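Trainee: Dropping a structure here in structure tokens format, bear with me for questions.
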């Protein structure tokens, strides 16, 4: 058995991100992501083998999807289901407070 607290304290350097696997069955992986004023590197796109369902629990973020000019803004409670190989990037995360995400990869 494992246990924890999704909001447990995390020390972040400015513009840093922390990815923490909470559980992994081999078919489904659940991660906590904590970011602060971070973004994907210029020209970088996530192109993942797995689909990803992600929700913002605190803070906020902007995601861009390849071929889409608009940024999808996520606030607490907002979620998105990203199909495998759907290229996307993080344009920004909250510069004032930590952004805590819960991501389910399947």
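Trainee: Select from segment 17-28 the residues that are farther than 14 Å from residue 101 by Cβ and either assigned to a loop (DSSP other than H, G, I, E, B) or under 12 Å from the mean Cα position of the chain (by Cα) (or both) and list them in ascending order.
Mentor: Passing the criteria: 25, 26, 27, 28.
Trainee: Could you please find all residues in segment 74-99 being in contact (Cβ under 8 Å) with a residue 40 or more places away in the chain, more than 10 Å from residue 36 (Cβ to Cβ) and either out of contact with any strand residue (DSSP E or B) (no Cβ under 7 Å at 6 or more places or on another chain) or buried (at least 17 other Cβ atoms within 10 Å of the Cβ) (or both)?
Mentor: Within segment 74-99, 88, 89, 90, 92 qualify.
Trainee: Could you check how many residues of segment 49-84 are more than 27 Å from residue 11 (Cβ to Cβ) and either modelled with pLDDT under 95 or part of a loop (DSSP other than H, G, I, E, B) (or both)?
Mentor: Qualifying residue count, segment 49-84: 11.
Trainee: Among the residues of segment 13-22 satisfying the criterion of being over 15 Å from residue 58 (Cα atoms) and surrounded by 10 or more Cβ atoms within 10 Å (Cβ to Cβ), which is modelled with the lowest pLDDT?
Mentor: Looking at the filtered set, the residue picked out is 15.
Trainee: Which of the residues belonging to segment 59-73 are buried (at least 16 other Cβ atoms within 10 Å of the Cβ) and over 11 Å from the mean Cα position of the chain (by Cα)?
Mentor: Residues satisfying the conditions are 59, 64, 65.
Trainee: Please work out if residue 31 is touching a strand residue (DSSP E or B) at 6+ places or on another chain (Cβ under 6 Å), in a loop (DSSP other than H, G, I, E, B), modelled with pLDDT of 95 or more and under 20 Å from residue 105 (Cα atoms).
Mentor: no
The values are calculated or read from the model by the stated rules, or taken from the named source; none is laboratory data. Just so you know, these numbers come straight off a predicted model, no measurement behind them. Quick reminder, even Gly has a Cβ in these numbers, built from the backbone with ideal geometry, and neighbours come from all protein chains shown.
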